[in-house]
């Protein structure tokens, strides 16, 4: 938890100094497999909206475009070096083979449209771009689904920061719990699906 607090301070300081470009840059990194939580970036930006320092629409645009750029980078990473990269270097980005297999199983089961849905699912939303690239999904369709799918997640986090004001860190607490619940549900669904396939 101390690590999360230090990371949160670094992120908030960076956004305060750089502004909208800082939001864009951090969201690019978040979507390009660098473990920077959008649960800090967007709610804090929402707090700055509540003080009048930021404009809600501009922050939302910066966040969504940042997600798109980072996701396209990860897509091409998957397209060019794929699984080899994750298996060899994933540990440095806090990604292991289980993360990739989870994203791949969702991609196989639900097809291209999982990109649209997964942008609003903790854990899966960051890693889903890799199997999209590995499977050579149409890049334009991928970009459109990513763009549309990123709006609700970013808006929800941003607006929660606006509503909570100085207490924006409450979002981080609840999204951490939500992450755990969603990951548990995903694991249960994958186990159920595997058992069904084995039978």
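The values are calculated or read from the model by the stated rules, or taken from the named source; none is laboratory data. Please read these numbers as outputs of a predicted model, since none were measured by experiment. Counting neighbours? That spans all protein chains shown, and the Cβs are built from the backbone with ideal geometry, glycine included.
The helices (runs of 4 or more DSSP H) falling completely within region 79-196 that include 2 or more residues that are modelled with pLDDT of 80 or more map to 114-118, 129-134, 139-164. Entry remark, region 46-64: residues being over 19 Å from residue 149 (Cβ atoms) and in contact with a helix residue (DSSP H, G or I) (Cβ under 9 Å, 6 or more places away or on another chain) number 11 in total. Checking each residue in region 124-142 for being in contact (Cβ under 8 Å) with a residue 40 or more places away in the chain and under 11 Å from residue 67 (Cβ atoms) picks out 126, 129. If you go through region 29-62 and keep only what is farther than 13 Å from residue 19 by Cα and outside any helix (DSSP H, G or I), you end up with 32, 33, 34, 35, 36, 37, 51.
Take the residues in region 143-154 that are in contact (Cβ under 8 Å) with a residue 40 or more places away in the chain and farther than 13 Å from residue 40 by Cα; name whichever of them is farthest from the chain's Cα centre (by Cα). Top of the filtered list is 143.
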